[in-house]
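The values are calculated or read from the model by the stated rules, or taken from the named source; none is laboratory data. These figures come from a predicted structure and were not determined experimentally. Cβ: placed from backbone, ideal geometry, glycine included. Neighbour counts: every protein chain shown.
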Amino acid sequence: MFFVFIAVQFLLALTAGASTDALISAVQNADDCPSCLALLGAFQEVAITGDDAFITEFTSLCIGLGAADPDVCTGLIAREGPILAHDLRSINTTGQTAEKLCDALLGMCVTHPVNPFTVPFPKPAPAHPKVFTSRGRAPFRVVHLSDVHIDRMYTIGAEANCTKSICCRDFADSPATPTVPAGPNGNSHCDSPVTLADSMLEEIESLNPIFSIFTGDVVEGATWIVDQAEVTSDLQDFNAEMASKLSAPIFPSLGNHDSAPVNAFARTTSNAVNNSQWVYDTQSAGWEQWINRTAASELRIISINTQFWYKQNYWLYDSDVLQPDPNGILAFIVEALQAAEDAGDRAWIIGHIPLGKEDTLVDQSNYYDQVLQRYKNTIAGQFFGHSHKDQFEIAYNQNYTEQTAENAVSVGLIGPALTPTSGNPAFKVYEIDPDTFEVMDASVMFTNISDPNFQIKPTWGLFYSARELYGPLVGLSPTEPLSPAFWHNLTEVFATNDTAFQMWNAFQSRDGAVIACDADCANTTICDMRAFRSENNCDTPSAGFALRKRAGEASHDSDECEGAGLSHILSRMVLSV
């Protein structure tokens, strides 16, 4: 209680007034959905007076309650605060949009039904869909890299054990003598130095893939400092690196960190000054060298911007009018898949955020599933990143009521990250059937940051092959692909064989950041494996547990990618009182 008293007195001295009193009271009482809505109402009163007042009040609270270092509070709120203030001026703080905002910010008001919406399709599914049959030809190789998070201000010798979400930089408050000096090639408290990214690209080139896919997140996690100029430079630099080191084409997608402020992709209805068009312009120029190049005969690669379905994109909360398809992403996917079906082609979908994660809006995840069910014969593969972990999510037909191998219709393969913050740096290698474009094997390549030679030169090697390791557990025949049924059967093994499950649990982080997972955790994890629709996952926690995860007291997939943001600091503010 002594800390709380000092913090409140500090705030009252700094920004005396009724608005501060109301905000402190609202923060102190935020522990469920009604009190979270009341907190939004208190913040709305300040937002109405303007962005400057909102930023000042919010920053004072953040610093006074010790939610983050002062520079982090100041930088984050200066960047993201105006979007939140715009939201609060635009919505009813007791309506559904406000409830969704409470979910995004504090993990409260998380339970509400999916808003009914039927995705329109130009044609019904064909009565006799084309059958894609393997002729047993040799597979071709594809590499999947994700979440590189390259920190171009990484400083060798800087403090690697700092108080911020990302270290290994010379911050203004860095100690004169580091306790843990950053090595040349990375540290588990830091995002990737350029040397580590170059090492990975050189390893990929040595594997001679026919092409590669990249599922987003170039920019490092110092979100309180990142601005448009840095993001633009980071995106351009990594495009140039990939072009110079990879002789085969690479087909990329955008991540939530690939904008400034972080996660900020405005809807066309938002009338935003910063509408992220500069991101699209930057990547359009950078990706032009790969777009429209043939990846493989009769395979189309559809890259989507999943950030318009992401809870932490605060531009999604500035209207009380339901918008089922922000910026027409679903319509774009339908158009592309219909063209593939008409041509008798198969398609892959690549994007950053998997549709089954807790941080994906349940409405848009449900609508995407409608598209998936309609074009399940055309979609041969789906590939994502974001969680920083080596994972998978299975989609089922019959509205997920019968989760069996027979009803498994698709699977989303989630690539591990390069950044060492979530385990050993890694990427995936797929062996692809040239007739069906299904995955025949998925291998993880990694470099061990604990290796004594890592700081001299990272050594990459095979971590495991899914076919070799998991195939015998489910009785996979030599000619069968790693189909949705294969992955479901693997979850059945995990449910009864704890040794196999714990092996998989360690493999998520490539043995680099293993978190203990007991029986309850295993049940939740297996549920999540069977949930390519976010409404079906088992990650809906109590409000207090959600707060602790957002504040950094427990690991969470979305937190791995998000790092410090408004939800992080607001959760810490609530927990501190």
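Give the number of residues within the range 498-533 that are farther than 24 Å from Phe446 by Cβ, in contact with a helix residue (DSSP H, G or I) (Cβ under 9 Å, 6 or more places away or on another chain) and outside any helix (DSSP H, G or I).
The qualifying residues number 4.
Considering every residue within the range 79-88, establish whether at least one is part of a loop (DSSP other than H, G, I, E, B) and either in contact with a strand residue (DSSP E or B) (Cβ under 8 Å, 6 or more places away or on another chain) or not assigned by TED's automatic domain parsing to the domain that holds Trp309 (or both). Quick ask: steps written out before the conclusion?
Quick first cut of the range 79-88, residues part of a loop (DSSP other than H, G, I, E, B) only: none.
The answer is no, given that none of the residues of the range 79-88 is part of a loop (DSSP other than H, G, I, E, B) and either in contact with a strand residue (DSSP E or B) (Cβ under 8 Å, 6 or more places away or on another chain) or not assigned by TED's automatic domain parsing to the domain that holds Trp309 (or both).
Considering only the range 64-80, I want to know if a residue exists there that is crowded, with 21+ Cβ neighbours inside 10 Å, at pLDDT 95 or above and small (Gly, Ala, Ser).
For the range 64-80, residues crowded, with 21+ Cβ neighbours inside 10 Å, at pLDDT 95 or above and small (Gly, Ala, Ser): present.
It is to be established whether one or more residues within the range 38-56 are at positive phi and in contact (Cβ under 8 Å) with a residue 40 or more places away in the chain.
Of the residues in the range 38-56, the ones at positive phi are 50.
Checking the rest, the ones that are also in contact (Cβ under 8 Å) with a residue 40 or more places away in the chain come to none.
No; the residues of the range 38-56 include none that is at positive phi and in contact (Cβ under 8 Å) with a residue 40 or more places away in the chain.
Which of the residues spanning the range 309-344 are touching a helix residue (DSSP H, G or I) at 6+ places or on another chain (Cβ under 8 Å), farther than 16 Å from Thr97 by Cβ and assigned to a loop (DSSP other than H, G, I, E, B)?
Of everything in the range 309-344, just one residue is touching a helix residue (DSSP H, G or I) at 6+ places or on another chain (Cβ under 8 Å), farther than 16 Å from Thr97 by Cβ and assigned to a loop (DSSP other than H, G, I, E, B), namely Asp325.
Kindly indicate which of Asp325, Asp359 is assigned by TED's automatic domain parsing to the domain that holds Phe214 and modelled with pLDDT under 95. Reasoning before the result, please.
Working: Asp325 fails: modelled with pLDDT under 95.
Just a single option satisfies the conditions, and that option is Asp359.
Take Gly216 and tell me if it is modelled with pLDDT under 95, crowded, with 22+ Cβ neighbours inside 10 Å and not in a helix (DSSP H, G or I).
Details: modelled with pLDDT under 95: no; crowded, with 22+ Cβ neighbours inside 10 Å: yes; not in a helix (DSSP H, G or I): yes.
So Gly216 fails the test.
Does Glu57 satisfy the criteria of being crowded, with 21+ Cβ neighbours inside 10 Å, touching a Ser or Thr at 6+ places or on another chain (Cβ under 9 Å) and assigned to a helix (DSSP H, G or I)? Give the steps one after another, and end with the answer.
Working: crowded, with 21+ Cβ neighbours inside 10 Å: yes; touching a Ser or Thr at 6+ places or on another chain (Cβ under 9 Å): yes; assigned to a helix (DSSP H, G or I): yes.
Yes, satisfied.
Which ones in the range 397-443 are in a loop (DSSP other than H, G, I, E, B) and under 30 Å from Asp151 (Cα atoms)?
Filtering the range 397-443 for residues in a loop (DSSP other than H, G, I, E, B) gives 397, 401-407, 415-419, 423-425, 433-438.
Once the filter is applied, which keeps residues that are in a loop (DSSP other than H, G, I, E, B) and under 30 Å from Asp151 (Cα atoms), the range 397-443 yields Gly415, Pro416, Ala417, Leu418, Thr419, Gly423, Asn424, Pro425.
Looking only at the range 116-146, how many residues end up being within 21 Å of Ser303 (Cα to Cα) and either part of a strand (DSSP E or B) or touching a Gly at 6+ places or on another chain (Cβ under 8 Å) (or both)? First the steps, then the outcome.
Looking only at the range 116-146, we keep the residues that are within 21 Å of Ser303 (Cα to Cα), and these are 119-122, 140-146.
Subset that is either part of a strand (DSSP E or B) or touching a Gly at 6+ places or on another chain (Cβ under 8 Å) (or both): 140-146.
Residues in the range 116-146 being within 21 Å of Ser303 (Cα to Cα) and either part of a strand (DSSP E or B) or touching a Gly at 6+ places or on another chain (Cβ under 8 Å) (or both): 7 in total.
Would you point out the residue of the range 444-461, among those that are touching a residue at least 24 places away in the same chain (Cβ under 8 Å) and in a strand (DSSP E or B), that is surrounded by the most Cβ atoms within 10 Å (Cβ to Cβ)?
Thr447
For the range 281-310, give me the residue count where each residue is at pLDDT below 95 and closer than 30 Å to Asn115 by Cβ.
Selection size over the range 281-310: 0.
Would you confirm whether any residue within the range 252-263 is outside any loop (DSSP other than H, G, I, E, B), of a type outside the set (S, T, N, Q) and either out of contact with any Asp or Glu (no Cβ under 8 Å at 6 or more places or on another chain) or modelled with pLDDT of 95 or more (or both)?
Going residue by residue through the range 252-263, those that are outside any loop (DSSP other than H, G, I, E, B) are 252.
When the remaining residues are screened for being of a type outside the set (S, T, N, Q), the result is 252.
Remaining after also requiring either out of contact with any Asp or Glu (no Cβ under 8 Å at 6 or more places or on another chain) or modelled with pLDDT of 95 or more (or both): 252.
Yes, the range 252-263 contains at least one residue that is outside any loop (DSSP other than H, G, I, E, B), of a type outside the set (S, T, N, Q) and either out of contact with any Asp or Glu (no Cβ under 8 Å at 6 or more places or on another chain) or modelled with pLDDT of 95 or more (or both).
Test Tyr280 against the stated conditions and say whether it is without any contact (Cβ under 8 Å) to a residue 24 or more places away in the chain, closer than 22 Å to Val334 by Cα and outside the structural domain of Lys100 (by TED's automatic domain parsing). Steps first, answer last, please.
Details: without any contact (Cβ under 8 Å) to a residue 24 or more places away in the chain: yes; closer than 22 Å to Val334 by Cα: yes; outside the structural domain of Lys100 (by TED's automatic domain parsing): yes.
Judged against the criteria, Tyr280 is a match.
Out of the residues in the range 81-111 meeting the condition of being in contact with an Asp or Glu (Cβ under 8 Å, 6 or more places away or on another chain) and among the hydroxyl-bearing types (Ser, Thr, Tyr), tell me which one is surrounded by the most Cβ atoms within 10 Å (Cβ to Cβ).
Filtering the range 81-111 for residues that are in contact with an Asp or Glu (Cβ under 8 Å, 6 or more places away or on another chain) and among the hydroxyl-bearing types (Ser, Thr, Tyr), the one surrounded by the most Cβ atoms within 10 Å (Cβ to Cβ) comes out as Thr97.
Would you check if Val142 is β-branched (Val, Ile, Thr) and over 25 Å from Asn453 (Cβ atoms)? Walk me through how you get there before you give the answer.
Numbers: β-branched (Val, Ile, Thr): yes; over 25 Å from Asn453 (Cβ atoms): yes.
So Val142 passes the test.
Given the criteria surrounded by 23 or more Cβ atoms within 10 Å (Cβ to Cβ), under 21 Å from the mean Cα position of the chain (by Cα) and either under 15 Å from Ala417 (Cα atoms) or of a type in the set (Phe, Trp, Tyr) (or both), does Phe251 qualify?
Numbers: surrounded by 23 or more Cβ atoms within 10 Å (Cβ to Cβ): no; under 21 Å from the mean Cα position of the chain (by Cα): yes; either under 15 Å from Ala417 (Cα atoms) or of a type in the set (Phe, Trp, Tyr) (or both): yes.
When the stated conditions are applied, Phe251 does not pass them.
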